[in-house]
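*Asks:* Sharing a structure here in structure tokens format.
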Amino acid sequence: MGVILEVKNLTKKFGGLTAVNDFSFEIKRGEFLGLIGPNGAGKTTVFNLISGFEKPNSGTIRFDGVDITGLKPYKIVNLGIARTFQLVRSFKFLTLLDNVSVSCLSKRGKKISKKIGTDEYASSILGSIGLVDKARIPPVILPHGDLRRLQIGKAIGSNPELLLLDEPFSGLSFEEQLGITNLIKKLHEDGVTIFITGHVLRELMTLVPRVLAMHQGKLIADGPPLEVANNKIVLEAYLGRGAEFA
Ligand SMILES: Nc1ncnc2c1ncn2[C@@H]1O[C@H](COP(=O)(O)OP(=O)(O)OP(=O)(O)O)[C@@H](O)[C@H]1O
Ligand SMILES: [Mg+2]
């Protein structure tokens with residue numbers, strides 16, 4: 001498997017705070033990689049840097065061998081990276097179909113929508129996220145679990161190779177989490193490379209074969225989830241000195 005994303009010595013400062021500190025890692029094509037860390041560790045900032053919502057102070061990001069460091073978000077989407085946001089974001093007054101159609105009309109989305117039609121492409125995505133029966137309603141009246149699904153639908157309309165999912169389980173019931181888990185697994189089986197954050201270890205433990213742990217902007221562990229969860233430095237980052245994983 002070749003490398004799809006290569007991040008080298010990435011650093012992002014907000015005033016005196018170093019949110020991401022000399023952070024380096026690689027993702028292989030087809031991987032299913034997790035990123036964990038306690039609140040404020042820098043996970044979302046890493047996603048913001050990869051997707052172009054923030055510019056790094058130093059370091060490089062290469063996608064498919066192309067230097068994408070500091071490119072605008074739409075250029076990065078057009079190259080094949082899509083993301084969801086930790087807080088749900090939708091076009092409140094558009095129907096679900098139109099919410100998804102927006103990304104189906106992106107450069108990469110058009111490769112499919114030109115062939116089969118935008119409505120058909122958007123409908124097929126609504127089908128895959130279990131919302132096709134709600135195609136004609138706006139998102140404002142949806143329960144939170146459906147809104148989380150919609151975020152993923154909006155992202156996959158751009159036909160990405162790499163999908164960044166920022167806390168996709170946040171605020172969901174156990175049943176809703178299961179639904180999203182199955183959806184993400186299916187996307188991965190279909191060939192999308194997945195990079196997913198969570199701050200609760202349990203959520204990601206069973207899902208990903210490899211996880212990165214970060215704390216105060218730094219990479220502190222990289223390996224199989226069980227190994228990372230039992231790593232002394234990771235335990236201390238989450239629970240303080242002398243902690244043990246139960
Ligand atoms: N735009 C910003 N301006 C100033 N500080 C910021 C900004 N964005 C993030 N930070 C700070 O950078 C640090 C990392 O934040 P980030 O949101 O990346 O963490 P996180 O790991 O995603 O946390 P959480 O688990 O709460 O989502 C925090 O201290 C945060 O307050
Ligand atoms: Mg975050």
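The values are calculated or read from the model by the stated rules, or taken from the named source; none is laboratory data. Please read all numbers here as calculations on a predicted model, not as lab measurements. Backbone-built Cβ (ideal geometry, glycine too); neighbour counts: all protein chains shown. Surface areas here come from the heavy atoms of the whole protein model, side chains and all, with no ligands, DNA or RNA. Shrake-Rupley method; radii C 1.70, N 1.55, O 1.52, S 1.80 Å.
*Asks:* Take Gly2 and tell me if it is free of Cβ contacts under 8 Å to residues at least 24 places away in the same chain and more than 18 Å from the chain's Cα centre (by Cα).
*Replies:* no
Each row is one residue, and each column tells you yes or no for (1) surrounded by fewer than 17 Cβ atoms within 10 Å (Cβ to Cβ); (2) over 22 Å from Gly52 (Cα atoms).
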site	(1), (2)
Lys115	yes, yes
Tyr121	no, yes
Ser173	yes, yes
Asn182	yes, yes
Ile196	no, no
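*Asks:* Right, here's the next one. Would you mind stating whether Asp146 is charged (D, E, K, R) and within 16 Å of ligand 2 (Cβ to nearest atom)?
*Replies:* It is false that Asp146 is charged (D, E, K, R) and within 16 Å of ligand 2 (Cβ to nearest atom).
*Asks:* A further question follows. In segment 9-128, which strands (runs of 3 or more DSSP E) lie fully inside it and hold 3 or more residues that are within 25 Å of Glu203 (Cα to Cα) and touching a residue at least 60 places away in the same chain (Cβ under 8 Å)?
*Replies:* 17-28, 32-36, 81-83
Results for (1) touching a Leu at 6+ places or on another chain (Cβ under 8 Å); (2) away from ligand 2 (no atom under 16 Å from the Cβ), shown as yes or no for each residue.
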residue: Val3; (1), (2): no, yes
residue: Lys8; (1), (2): no, yes
residue: Lys12; (1), (2): yes, no
residue: Asp22; (1), (2): yes, yes
residue: Ile27; (1), (2): yes, yes
residue: Gly30; (1), (2): no, yes
residue: Ile36; (1), (2): yes, no
residue: Gly40; (1), (2): no, no
residue: Thr44; (1), (2): no, no
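*Asks:* Let me ask something else about it. Among the residues of segment 8-33, write down those that are open to solvent by less than 30 Å² (accessible area, probe 1.4 Å) and within 16 Å of ligand 1 (Cβ to nearest atom).
*Replies:* Leu10, Thr11, Lys12, Ala19, Val20, Phe23, Phe25, Leu33, listed by residue number.
*Asks:* Within segment 34-44, which residues are within 8 Å of ligand 1 (Cβ to nearest atom) and hydrophobic (A, V, I, L, M, F, W, C)?
*Replies:* Ala41
*Asks:* May I pose another question? Filter segment 202-219 for residues that are within 20 Å of Phe23 (Cβ to Cβ) and surrounded by fewer than 19 Cβ atoms within 10 Å (Cβ to Cβ); which is farthest from ligand 2 (Cβ to nearest atom)?
*Replies:* Arg210
*Asks:* Go through segment 130-146 and count every residue that is buried (at least 18 other Cβ atoms within 10 Å of the Cβ) and under 11 Å from Asn99 (Cα atoms).
*Replies:* Total satisfying the criteria: 1.
*Asks:* Which members of segment 67-113 meet the condition of being within 16 Å of ligand 2 (Cβ to nearest atom) and either surrounded by fewer than 15 Cβ atoms within 10 Å (Cβ to Cβ) or at positive phi (or both)? Write out each step before concluding.
*Replies:* So in segment 67-113, the residues within 16 Å of ligand 2 (Cβ to nearest atom) come out as 83-89.
Those that are within 16 Å of ligand 2 (Cβ to nearest atom) and either surrounded by fewer than 15 Cβ atoms within 10 Å (Cβ to Cβ) or at positive phi (or both): Leu87, Arg89.
*Asks:* Which one of Phe63, Phe47 is within 28 Å of Leu17 (Cα to Cα), more than 16 Å from ligand 1 (Cβ to nearest atom), at pLDDT 95 or above and open to solvent by less than 30 Å² (accessible area, probe 1.4 Å)?
*Replies:* Answer to the selection: Phe63.
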